[in-house]
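Chemist: After the structure tokens below, expect a handful of questions from me.
What follows draws every value from the coordinates through simple rules; no lab data is involved. Predicted, not measured: the structure shown is a model, and the values here were computed from it. Ideal geometry is used to build each Cβ from the backbone, glycine not excepted, and the neighbour counts take in all protein chains shown.
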Amino acid sequence: MGHVTPTDSGKFRANWREPDGKQRAKTFKTRKEANAYLAEVESSKNAGRYVNPHAGRTLFAVVAERWLASRNDQPTTIARDASIMANHVLAKWAGWPVGRIEHLDVQDWVTELGGRLAPATVAECHRLMRAVLGAAVRHLLIGSNPSSGSCARSSKSAATPPTSRSRRPRSAGGRSRSRPGWCRSFGSTWRPTRPTQMG
């Protein structure tokens, strides 16, 4: 179990040991925050989901390079993916620490790509992004994959006027289709867009 100690500056340091026995510490403004963090650490250790809080500093480009080098695919497939990675994925994410990438960051990116690239290319960009971040999860650099569930409308579909409810295409069972093709390519569940309020 970890423990909390006060610092000379009036803050509180949470101390714990990682699964491999290494001592770690993190400072908080209040004892309550430090204890809450220790509780999360212990819970993640017990569940086998512990992630070193400093591991997320690893740059996306470093993880991407290792992931590409570990591939065992056809040379043509590797060359194609490397080209897409360099031109579209690394162009955006190379200098980002993987621990700083959030779901909304990925969502904004795929939406921006959808406005200027073909839907198939956007899908490939997202596939590579998700694969690299998936590798980061497996290597315990981050706790979860922020690219999971991202979805972007392509420029072509965005320009198509929405159909009325009475003329919406229906499946064989008579139920309205709820996942447009541009969203299925990302493997996520589509829901109608609703206005959001910030603040």
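Chemist: Using mean Cβ contacts within 10 Å as the protection proxy, how do 116-129, 86-99, 10-23 order, highest first?
Modeler: Most protected by this proxy first, the peptides run 116-129, 86-99, 10-23.
Chemist: If amide H atoms are built 1.01 Å from N in the plane of the peptide, which residues on other chains or at least 5 residues away come under 5 Å of the amide H of TRP96?
Modeler: Sorted by chain and number, the residues that satisfy this are PHE60, ALA61.
Chemist: I need to check one value: relative contact order of the range 3-50, counting alpha carbon pairs closer than 8 Å and at least 6 residues apart, in percent.
Modeler: Reported relative contact order: 31 percent.
Chemist: Rounded to whole Hz and in sequence order, give me ³J(HN,Hα) for the range 49-58 from the Karplus expression 6.51 cos²θ - 1.76 cosθ + 1.60, θ = phi - 60°, writing x for Gly and Pro.
Modeler: Running phi through 6.51 cos²θ - 1.76 cosθ + 1.60 with θ = phi - 60° gives 10, 5, 10, 4, x, 8, 5, x, 6, 4 Hz.
Chemist: What list of ³J(HN,Hα) values in whole Hz, one per residue of the range 129-144 in order, does the Karplus curve 6.51 cos²θ - 1.76 cosθ + 1.60 (θ = phi - 60°) give from phi, with Gly and Pro shown as x?
Modeler: My calculation for the range 129-144 gives 4, 5, 5, 5, 5, x, 5, 5, 5, 5, 8, 6, 8, 9, x, 8 Hz in order.
Chemist: What does the charge count near ASN87 come to, summing +1 for each Lys or Arg and -1 for each Asp or Glu among other residues with Cβ under 15 Å from its Cβ?
Modeler: +1
Chemist: Now, a different point. Residues with beta-carbon under 15 Å from that of ASN35, excluding ASN35: net charge, scoring Lys, Arg +1 and Asp, Glu -1?
Modeler: Numbers: positive: LYS11, ARG13, LYS26, LYS29, ARG31, LYS32; negative: GLU33, GLU40, GLU42.
In short, +3.
Chemist: Each label point is 7 Å from the Cα along the Cα-to-Cβ direction; what then is the distance between the points at ARG80 and ALA25, in nm?
Modeler: 5.3 nm
Chemist: Describe numerically, in nm with one decimal, the distance between label points set 7 Å from Cα along Cα→Cβ at GLU18 and at ASP73.
Modeler: 3.1 nm
Chemist: Picking from ASN87, GLY115, GLY48, whose Cα lies most toward the positive end of the charge dipole for the range 14-142 (charges on Cβ: Lys, Arg +1; Asp, Glu -1)?
Modeler: GLY48
Chemist: Apply 1/(1 + (r/R0)^6) to the Cβ-Cβ distance of ALA120 and ARG100, taking R0 = 30 Å, and write down the FRET efficiency to the nearest 0.05.
Modeler: 0.55
Chemist: For the range 77-90, take each phi angle, set θ = phi - 60°, evaluate the Karplus expression 6.51 cos²θ - 1.76 cosθ + 1.60, and give the result in whole Hz per residue in order, putting x for glycine and proline.
Modeler: My calculation for the range 77-90 gives 5, 5, 5, 5, 5, 5, 5, 5, 4, 5, 7, 10, 8, 5 Hz in order.
Chemist: Rounded, prolate or oblate: which fits the range 3-50, taking a ≥ b ≥ c as square roots of the Cα gyration tensor eigenvalues, rounded meaning a/c under 1.5, else prolate when a/b beats b/c?
Modeler: Cα axes put the range 3-50 in the oblate bin.
Chemist: While we're on this one: Averaging sequence separations of C-alpha pairs under 8 Å and six or more residues apart, then dividing by the length of the range 56-138, give the relative contact order as a whole percent.
Modeler: Once normalised by length, the contact order is 46 percent.
Chemist: Here is a further query. Considering only the other residues whose Cβ falls under 14 Å of the Cβ of GLY2, what net charge follows from Lys and Arg at +1 and Asp and Glu at -1?
Modeler: On the way: positive: ARG13, ARG17, LYS22, ARG24, LYS26, ARG31, LYS45; negative: GLU18, GLU33, GLU40, GLU42.
Its environment carries a net charge of +3.
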